[in-house]
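Working notes for the structure below.
The values are calculated or read from the model by the stated rules, or taken from the named source; none is laboratory data. Just so you know, these numbers come straight off a predicted model, no measurement behind them. Cβ atoms come from the backbone with ideal geometry, glycine included; neighbour counts cover every protein chain shown. Heads up: the accessible areas ignore ligands, DNA and RNA and are worked out on the full protein's heavy atoms, side chains in. Shrake-Rupley method; radii C 1.70, N 1.55, O 1.52, S 1.80 Å.
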Amino acid sequence: RMTDVKRRVLWHGTLLVLLGLATGGFVQSFVTPRLALAAHVGGIMNGTLIMAVGAAWSELALSPSLARGLFWSLVYSGYANWLGLVLAATFGTTSTTPLLGDGTPALPWQEQVVAFCLVSGAVVTLGAVGLVLFGLRRRPR
């Protein structure tokens, strides 16, 4: 049902905000505090975006398969972006995060994991926002 999906979207958005807030409490404990601050803000912002989409869920005119795709896109991208930034702060990466890193690259596999999370998260976020725009093109039935 539509209300069940809306509640699940809101739940994941709220959890992501909570994860972002919790990350903020440990900023100074990470290898790269600037990246930890980015993870803190990123978790809150991604969670807020997901909650905003959840609040507007009943306004989206999407087929069931597109709505399912949007749900999983939101969930994946939110957690992937937050996790990628947390891992970047933990590992001290610089390849994907040159403006926030300290200039010392992490191990190659660590750089690759962070790059995968951040790049895939960004691409899927763009797709999710595109689906929202598509769903808002006309009134739902």
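The orientation-averaged projected area of the convex hull spanned by the Cα atoms of the chain comes to 8.2 nm².
Each principal axis of region 23-86 carries a Cα extent, and these read 45, 17, 12 Å when sorted largest first. The distance from the alpha carbon centre of region 1-63 to that of region 74-141 is 13 Å, rounded to a whole number. Placing +1 on each Lys and Arg Cβ and -1 on each Asp and Glu Cβ, with no other charges, gives region 38-141 a dipole about its Cα centre of roughly 660 debye.
Counting every alpha-carbon pair across region 66-141, the share separated by more than 16 Å comes to 53%.
Of the options Val123, Thr97, Gln112, report the single residue whose Cα projects farthest towards the positive end of the charge dipole of the chain (beta-carbon charges: Lys, Arg +1; Asp, Glu -1). Looking along the dipole axis, the top candidate is Val123. The helix-based estimate of mean residue ellipticity at 222 nm for the chain, built from -39,500 (n - 2.57) per DSSP H run of four or more residues and divided by its residue count, is -25500 deg cm²/dmol to the nearest 500.
Comparing Gly24, Pro64, Thr14 along the charge dipole axis of region 1-94, the residue lying farthest to the positive side is Pro64, per the Cβ-charge model.
Which shape class, rounded, prolate or oblate, goes with region 6-46 when its Cα gyration tensor gives a ≥ b ≥ c as root eigenvalues, a/c under 1.5 marks rounded, and past that a/b bigger than b/c marks prolate? Prolate is the answer for region 6-46, as a/c is 1.5 or above and a/b outweighs b/c.
Computed from the C-beta positions of Arg68 and Trp109 and an R0 of 35 Å, the FRET efficiency is 0.60 to the nearest 0.05. The order of Trp72, Trp57, Trp82 by accessible area, most exposed first and with a 1.4 Å probe, is Trp72, Trp82, Trp57.
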